[in-house]
Amino acid sequence: AAVWLVPSSRHERCLVDNFLAQLTAHLATPPPVVVAALDAGMASTCAELLRAEEDLAGHTHCADLSQSFLSVAGSEANGDVNVSNTCMFSALSWAKVMLLREAVSLEPAGVLVFDPDVVVLRDVGAWIRKHQSSLE
């Protein structure tokens with residue numbers, strides 16, 4: 001199964017929580033999910049979610065990338081809440097491209113990148129496999 005990559009920051013805590021809850025609620029076999037935490041707040045939240053939600057433990061993984069983006073540390077330090085105007089927004093935007101490139105090179109089954117504000121109600125992987133010929 002393709003890995004689902006969810007790059008996120010502390011500004012998206014509730015969205016990530018809901019995204020993961022929807023996966024376990026609507027899919028009989030949730031796909032492997034990697035939450036790429038771009039700041040310490042999201043890394044901490046992801047770890048808390050895994051401890052609190054037994055349903056997530058087998059298929060969800062947290063990747064703490066908080067030290068990978070120097071500009072993110074500056075955004076956290078000044079407490080900037082206008083995300084679209086910060087270094088965090090730039091880091092999150094560019095991180096998606098960089099993480100996807102790296103993940104694709106490592107995962108032969110493929111990688112899907114999701115923003116945490118996507119609500120998954122059906123098995124996206126099954127839909128893609130069914131319609132693969134028309135997507136090429």
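Filter region 39-97 for residues that are in a helix (DSSP H, G or I), at pLDDT 85 or above and surrounded by 15 or more Cβ atoms within 10 Å (Cβ to Cβ) and give the result.
So in region 39-97, the residues in a helix (DSSP H, G or I) come out as 40-52, 54-56, 70-78, 83-85, 87-97.
If we keep only those that are at pLDDT 85 or above as well, we get 40-52.
Scanning region 39-97 gives A40, G41, M42, A43, S44, T45, C46, L49, L50.
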Could you please find all residues in region 12-38 being open to solvent by less than 50 Å² (accessible area, probe 1.4 Å) and assigned to a helix (DSSP H, G or I)?
E12, V16, F19, L20, A21, Q22, L23, T24
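The values are calculated or read from the model by the stated rules, or taken from the named source; none is laboratory data. These numbers were taken from a predicted model, which means no experiment stands behind them. Here Cβ is always computed from backbone atoms with ideal geometry, including for glycine, and neighbour counts include all displayed protein chains. The area values use the complete protein model at the heavy-atom level, side chains included, leaving out ligands, DNA and RNA. Shrake-Rupley method; radii C 1.70, N 1.55, O 1.52, S 1.80 Å.
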